[in-house]
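Coordinate-derived values only; no laboratory data. Note that the coordinates shown come from a computational prediction; the quantities given were computed from them, not determined experimentally. We place every Cβ from the backbone using ideal geometry, glycine too, and count neighbours over all the protein chains shown.
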Amino acid sequence: MSKLIINAGNKKSRINKEIYGHFSEHLGRCIYEGLYVGENSKIPNKNGMRTDVVNALKEMKLPMLRWPGGCFADEYHWRDGIGPKETRKKMINTHWGGVLEDNSFGTHEFLELCDQIGCQPYINGNLGSGTVQEMSEWIEYMTFDGVSPMADLRAKNGRKEPWKIKFFGVGNENWGCGGNMTPEYYANEYRRYQTYCRNYGDNRLFKIACGPNEGNYEWCDTVMRMASPYMDALSLHYYTIEKNWEDKGSATVFDEKGWYITLKKALHMEELVTRHSKIMDKYDPDKRVALAVDEWGCWFNVEPGTNPGFLYQQNTMRDALVAGINLNIFNKHSDRVRIANIAQLINVLQSVILTEGDKMLLTPTYHVFNMYKCHQDATLVDSYIDTEEVGPEEAKVPNLSESASVDPDGRLHITLNNLSVSQSYNINSILVDRKVNGVKAEILTNKMDAYNTFENPDKVHTEEFTEFKLTEGGLDFVIPPCSIIHFEID
Ligand code: AHR
């Protein structure tokens, strides 16, 4: 019997809803086809945005969406994406498949999409190939309230009222696709660019600096040392790859070893977040600067027969567990991790939605986000679970992962993952400082490589979980292999 202890009276940090953020880049079929089909499409839409997709994202309570990249952000010139669509400049999307980008989805369209979903926009500016003036004027264009050259241009393009923009990224992966910079060079550039990212009226920007790739602790240290007073957050990017960058492994065809290796790599997020936070503590002991894990998730080989530049991959129960593990880690580090964006929203990498023409399906990862939405803006509480190691010698992982929170209405939420492919576990949970008036639970479970297809879109789905017994101190239950459970306790 494994013990799960929830100390509900020991309240910790607030779990910012933006930890449940997503990312949409001009890449493959994420924006075009996935989110935006244009006003004249036969696919039901409102001002070009797919109605089925918008409704599913509202249901999942998508809190925040990053755009326009990614690598694309540092090649994006916002003026190309405003004004009459017929006259918008076309460009080649050199990063992603070399396809023609007609810029029919630009600033107005993105902010309309966020309005329809009811989420906060996170705009990523171009530091790699854009000018300081260009970045500064984009902010003026979006947020200036009154008469100014950019506000006038915005009004001419049909939008008199300014938008409210909070989250603003100053460059993306500037150690790589965003300019191949050294940390010293980037830190100086960051200081310069951000100076001209102005707060107009009562709009307040939350400036996000480009942080390290994976375990590049030197980048973290240098940028924090040189620029931390000028930023609100530092980003971190880490992808879970089963094999290596040349052959990342298949999203759907893998054995038990591939399962455990992938989960072990996902668990590496714990070390990254802990060590980067420790460096940040040196320069920012009060944790004013957030760690924004604004790209994370599984990256596998593209589905056979699809454009290699489009990064289209299927999504199995393995992805679901990777999502559950990461979200539990972020919850537990929510004192420092206050933003996270899984890559990417639709049809690209670890997506929550896949589309094919007018068809849409929800992936196992969608169901995890839907189960975990209970933690958004809740307060983390102390939790502990007994674990043992499972998996082959080269990829041993703890069998269980958990996190718990109390929401603003006082309900206790526990999200629990069983990482074992074959073993179920008896759990004896003890709820300290907590009366139980009622319990509701849901479960996501299936074979390790199960996934939804357009022919069978509901193969992997959540179900009500009733196999638990109330005890004097809490509840007892058996968690099946390869599963995720959410308990809601009144
Ligand atoms: O998400 C795909 C790409 O991965 C992004 O464009 C880039 O920032 C990262 O390398």
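Would you list 175, 67 from fewest to most Cβ contacts within 10 Å?
175, 67
What does the convex hull of the Cα atoms of region 167-324 come to per residue, in Å³, rounded to a whole number?
140
Longest span of the chain, sites excluded, free of GluC sites (Glu not before Pro) in DSSP loop with at most 15 other C-beta atoms within 10 Å?
Longest run free of exposed loop sites: 40-213.
Counting other Cβ atoms within 10 Å, which trypsin sites (Lys or Arg not before Pro) in region 395-475 have at most 11 and lie in a DSSP loop?
435
Where the centroid of each part is defined by its Cα atoms, how far is region 342-381 from region 90-144 in Å?
Cα centres, region 342-381 to region 90-144: 23 Å.
Using the crude model of +1 on Lys and Arg Cβ and -1 on Asp and Glu Cβ, and no other charge, please compute the dipole size for the chain relative to its Cα centre, in debye to 20.
Using Cβ point charges on Lys, Arg, Asp and Glu, the chain gives about 1100 debye.
Can you sort 380, 267, 327 so the residue with the fewest Cβ neighbours within 10 Å comes first?
By the 10 Å Cβ count, ascending: 267, 380, 327.
Can you give the % of DSSP beta bridges in the chain that are antiparallel, to the nearest 5?
In the chain, DSSP labels about 60 percent of beta bridges as antiparallel.
Would you be so kind as to identify which of 178, 285, 353 lies farthest towards the positive end of the dipole of the chain, taking Lys and Arg as +1 and Asp and Glu as -1 on Cβ and the Cα centre as origin?
Highest projection toward the positive end goes to 285.
For every helix of n ≥ 4 consecutive DSSP H residues, a contribution of -39,500 (n - 2.57) applies; sum these over the chain, divide by its total residues, and give [θ] at 222 nm rounded to the nearest 500 deg cm²/dmol.
-7500 deg cm²/dmol
Convex hull over the alpha-carbon atoms of region 424-490: what's its volume per residue in Å³?
Enclosed volume per residue, from the Cα hull, is 84 Å³.
Send over the Kirkwood Rh of the chain, from the inverse of the averaged 1/r over different Cα pairs, rounded to one decimal Å.
23.1
If you average the C-alpha positions of region 200-237 and of region 267-312 separately, how far apart do those two centres end up, in angstrom?
Value for the Cα centre distance between the two parts: 14 Å.
Just to be sure I understand: of the beta bridges DSSP finds with both ends in region 251-402, what percent are antiparallel, rounded to 5?
Counting DSSP beta bridges with both partners in region 251-402, the antiparallel share is about 55 percent.
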